[in-house]
Amino acid sequence: MAVTSAATALALMNYTAPMLDLPALTQAFGTPASAQAWLLNGTPLGLAVVLLVAGSLADDHGRRRVFLLGTLGLGLTTALGGLAGSTLTFTLARIAQGAASAAVLAASLGLIAHAHPGGAARIRATGVWGAFVSAGIALGPLLAGALGSLAGWRWTYEVLAAGTLLVAAFGTRALAESRAPRTGRPDVAGALTLGLALGALLTALTLGRDGWLRPSVGVLLLAAVALTAAFVLVERRGPAPMIDLALFRRPAFRAATAGALFTGLAVIGFFSVLPALLQRGTGMAPLTTAWLFLLWSGTAFVVALQVRRLAGRIPAPYQLALGFVLSTAGVLTLFGAVEDVAWPRLLLGLLVAGVGSGLLNAALPRLAVDSVPPERAAMGSGANNTARYIGSSAGVALALALATAGPDTALVASAALGLAGAAVTLVAARG
């Protein structure tokens, strides 16, 4: 638990650090407004493309092996990101960090599920893992704000790199191997078609901010549809597919996937750009926005740790729906409070949204591994996190595009998506 939770927190710290650094990164690289989404979307692109592949590899070839390769890769690529000198090189480093983080997230939850086969122990373990997702989200901007003010933004990534490599060293001694190998060759065709499909989709979503009617965006969207269809055909016919499509017949698996997708769209997408909105719209200091962000994500951390007490009373899909409703209530409380800095409503909205986010972060990992066969735990984790980071990439692009008309426009979109997430999750769970 200590090693996997620490690595998960560091992966999410790396994910969220640019949320606070965005103005400094834009200035350092001379990034035009049309390309700023890439500074945030690099890591989710790598995550979404590789997560399902990483989960399948972890189950078949060793969860410990994939986890350690991921932590080592994350440490090295994060260090390279701190040395980047342009928007392109930083974005490429962030994509590589996302790919390494995918191995960490998919394999770590697979290791936890193997160590805690079921019952109260698994509820507690997945709750702790979900809490450290919230902890990483909270601490990334805080570390970026502190080090950015003292020594510059580059130090944030070098410190994160050192911490990740240290966890990798501990992991070589602390973790036991587990796997559930299947007959058949690795699903190379599935990995290739899925990676290209997600890459085309997320690139289109990022470029769409500059105009959805541009030919390049249309071509990429059509390519994503065609490649997704090819992926489905490959998975239906392959002897050892990356994801068993029959899992979508399970209401719990559908609810987990829908919940993860809308968590990315409604929650992660908006809160990824909130620090930058506060800095640009009000001139708020970066460290002040980091403390506000900590109120939201720190509340989510505390709530996720305590949610195990509700697990026996509230089924996971209903817990997800409640999380979406509370997150939406918090977002609506922020309406009109971001530009004018209405402190009482700003603090209350972040607190309520944090409670909702904590419920989501605790329920999603539990439902992800409970909704698949025990030997496919890392596959379930990979599928769930793939949906989450596809949603977050689309949510970031949408929030940045709508924020040009004012923060309240992005707030309304986040609230509408949150309510849709609650409804879709419940419908999926009921079949």
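The values are calculated or read from the model by the stated rules, or taken from the named source; none is laboratory data. Here the structure is a predicted model, which is why all the values come from computation and not from measurement. Virtual Cβ from ideal backbone geometry, glycine too; neighbours counted across all protein chains shown. Protein only, heavy atoms only, side chains kept; ligands, DNA and RNA dropped before computing areas. Shrake-Rupley method; radii C 1.70, N 1.55, O 1.52, S 1.80 Å.
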- line: Computed on Cα atoms only, the convex hull of segment 290-342 has an orientation-averaged projected area in nm² of 4.3
- prompt: What dipole magnitude, in Debye to the nearest 20, does segment 201-332 give about its Cα centre under +1 on Lys/Arg Cβ and -1 on Asp/Glu Cβ?
  reply: 340
query: For Leu222 and Asp340 in the same chain, what is the full-extension length gain: residue separation times 0.36 nm, less their Cα-Cα distance, in nm?
result: 38.3 nm
- line: Per the charge dipole of the chain (beta-carbon charges, Lys/Arg positive, Asp/Glu negative, Cα centre), the residue among Val341, Ala383, Phe262 reaching farthest to the positive end is Ala383
query: Based on DSSP H runs of at least 4 residues, each adding -39500 (n - 2.57), what is the mean residue ellipticity at 222 nm of the chain after dividing by all its residues, to the nearest 500 deg cm²/dmol?
result: -28000 deg cm²/dmol
- line: Extension length gain for Val427 and Ala151 (0.36 nm per residue less Cα distance), in nm, is 94.4 nm
message: At 7 Å along Cα-to-Cβ for each site, give me the label-to-label distance between Phe170 and Arg236 in nm.
response: 4.7
field: Size of charge dipole - segment 2-146 - debye, nearest 20, with Cβ of Lys, Arg +1 and Asp, Glu -1, no other charges
entry: 280
- request: Report the FRET efficiency, 1/(1 + (r/R0)^6), for Asp408 and Gln306, where r is their Cβ-Cβ distance and R0 is 25 Å, rounded to 0.05.
  value: 0.20
For segment 132-264: span of alpha carbons on each principal axis (Å, largest first): 53, 49, 28
Label assignment, semi-axes √(5λ) of the Cα gyration tensor in Å derived from the structure, set (i) 37, 30, 19; (ii) 30, 24, 23; (iii) 37, 24, 18: (ii)
- request: With a cut-off of 19 Å, note down the residues of segment 352-376 whose backbone N falls inside the zone around a label point 7 Å from the Cα of Val325 toward its beta carbon.
  value: 352-364
query: When ranked by the protection proxy of mean other Cβ atoms within 10 Å per residue, highest first, what sequence do the peptides 406-418, 62-74 form?
result: 62-74, 406-418
task: Leaving out ligands and nucleic acids, note down the accessible area per residue over the chain with a 1.4 angstrom probe, in whole Å².
output: 37
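Quantify, in whole percent, the carbon and sulfur part of the accessible surface of segment 218-307 (1.4 Å probe; protein heavy atoms only).
With neighbouring chains kept in place, the figure for segment 218-307 is 72 percent.
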message: Quick check: the distance between the Cα centres of segment 45-116 and segment 216-259, to the nearest angstrom?
response: 21
- request: Using per-residue counts of other Cβ atoms within 10 Å, averaged over each peptide, order 238-244, 300-306, 270-276 from highest down.
  value: 270-276, 300-306, 238-244
statement: Working note, segment 21-134: Cα radius of gyration (Å, one decimal) and Dmax (Å, whole number) are 16.5, 52
- prompt: Where in the chain are the DSSP H helices whose alpha-carbon span along the long axis reaches 15 Å or more and whose Kyte-Doolittle mean is at least 1.0?
  reply: 87-115, 119-150, 188-207, 215-237, 286-306, 316-333, 343-370, 407-430
message: Given contacts defined as C-alpha pairs under 8 Å and at least six residues apart, what's the relative contact order of the chain, whole-number percent?
response: 26
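What does the charge dipole of the chain about its Cα centre add up to, to the nearest 20 debye, if the Cβ of each Lys and Arg holds +1 and the Cβ of each Asp and Glu holds -1?
I would put it at about 1020 debye.
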message: I'd like the accessible area for Met19: 1.4 Å probe, protein heavy atoms, all chains in place, Å² to the nearest 10.
response: 10
- prompt: What's the carbon and sulfur percent of segment 1-135's accessible surface, probe 1.4 angstrom, rounded to a whole number?
  reply: 72
- request: Within 10 Å, count the other beta carbons around each residue, average over each peptide in 123-130, 169-176, and list them highest first.
  value: 123-130, 169-176
- prompt: Taking the Cα centre of each part, how many Å lie between segment 365-431 and segment 1-18?
  reply: 20
- prompt: Label points 7 Å out from Cα along the Cβ direction at Phe248 and Ala33: separation in nm?
  reply: 3.9
